[in-house]
Amino acid sequence: MIEDLSNRHGPIGDLFMAPGTIEEWQPYRLTEDQIAFFHEYGYLAGIRVLNDEQVEALRAELTQLIDPDHPGHELFYEFHANESTDPSTALFHALGAWRIAPGFHDLLWNPAFMMPASQILGGAVRFWHDQLFCKPAHHGGVVAWHQDYSYWTRTQPMAHLSCWIGLDDSTRENGCVHYVPGSHRWNLLPITGLANDMHAIESVLAVEQRAQFKPVPIELRKGECSFHHPLMVHGSYENLSDHRRRGAVINVFRDGVCSASNDELLAGVPPIPVGEKMDGRFFPLLLDPTA
Ligand SMILES: O=C(O)CCC(=O)C(=O)O
């Protein structure tokens, strides 16, 4: 067994530099227009958060993490070598890499992620969980249309944010994420499945929502990210191309979000009673812009 990095609430290595002064934070700040775009459409894309060296370091860790014999494997909250029930397509999906690999751990404290996240959330940023989504070339599976918050109602109020980070160039051909602009203003939709029927969500859409369902592809260069609102309807099509598509996701919420369940919130994590604030070893505060 390896060290469980959830005990470490700060960067371990030097993959990401920690700004020391207000001036050093400036390059990471979003503009007012970018923040306004997020609130208008429910997403913001094309923000660079990794350089090539950081991408390479995370790719190398990912290659090892995918192996179920990895010595830290037991620390994943969830691990689906193939979340698709159709064995002819493959979607690797796992939660909890931050506990196992130093690069994915330190990624949470990446200033290029933390600053935009605090600006969009309008407050201090607390970690919820991470995710890995990987599609191989030629037979990569879909991520069906869904809203993230439909999986997260055990944490309230809804003040959450997702950041999808490309570890490969992601394109229409290799199954990039698509967003339905404006869907962050819709009601909370029920879970209709994550990895099989791309269009299962249609069965729960109102007539007006069907009319407004105009997805846009979010093509990103490796090292770029997109942020999306917890009600944003999003998904990604299969990958039949010659190029694999790997992505890492960081899910956070504004500090102050509470537990809404007395059950385990993530597999193996001690429960937090209903109404108590999410914090402690598994939910570190990443950035408090007022501190
Ligand atoms: O990687 C994908 O295709 C889907 C990612 C996703 O569902 C998410 O970031 O919430």
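Values for this structure:
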quantity	calculated
Gain upon complete extension [ASN187, ALA291; 0.36 nm per residue less C-alpha separation]	34.0 nm
Top positive-direction residue, dipole computed over segment 1-103 with Cβ charges, set ALA45, PHE16, TYR28	TYR28
Global geometry of segment 182-262, whether rounded, prolate or oblate, following the gyration tensor of its Cα atoms and the 1.5 cut on a/c	oblate
ASP69-ASP242 pseudo-label distance in nm [points 7 Å out on the Cα-to-Cβ vector]	3.2
Mean-position separation - Cα centroids, segment 149-220 and segment 35-67, in angstrom	17
Unit charges at the beta carbon, dipole of the chain: most positive-side option, VAL55, HIS73, PRO273	PRO273
Local electrostatic count, TRP145, Cβ distance below 10 Å [Lys/Arg +1, Asp/Glu -1]	-2
Ascending count of other beta-carbon atoms within 10 Å, so fewest first, for GLU173, GLU208	GLU208, GLU173
For segment 101-141 versus segment 235-275, the gap between their alpha-carbon centres in whole angstrom	10
Linear extension gain, ASN51 paired with HIS139, 0.36 nm per residue minus alpha-carbon span	28.9 nm
Inter-label distance for ARG221 and ALA81, nm, one decimal - labels placed 7 Å from Cα along Cα-to-Cβ	3.6
All aspartates and glutamates inside 19 Å of LYS214 as judged from Cα atoms, apart from same-chain residues fewer than 8 positions distant	GLU40, ASP148, GLU173, ASP197, GLU202, GLU238
Prolate/oblate/rounded call for the chain, Cα gyration tensor, a/c under 1.5 rounded	rounded
Ranked list, fewest to most other Cβ atoms within 10 Å of each Cβ, for SER170, SER259, SER241, SER203	SER203, SER241, SER259, SER170
FRET efficiency, 1/(1 + (r/R0)^6) with R0 25 Å, evaluated for ALA206 and GLU40 via beta carbons	0.70
Nearest-20 debye value, the chain charge dipole, Cβ charges on Lys, Arg, Asp, Glu	560
Candidate lysines for bridging to LYS222, where Cα separation is under 21 Å - those fewer than 8 sequence places away on the same chain excluded	LYS135
Reach of LYS277 by Cα under 17 Å, taken over aspartates and glutamates that are not fewer than 8 positions away in the same chain	ASP255, ASP263, GLU264, ASP288
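All of the numbers you see were taken from the coordinates with simple rules; none came from a lab. Keep in mind that what you see is a predicted model, and the values were worked out from it rather than measured. Note: ideal-geometry Cβ built from the backbone for every residue, glycine included; neighbour counts use all protein chains shown.
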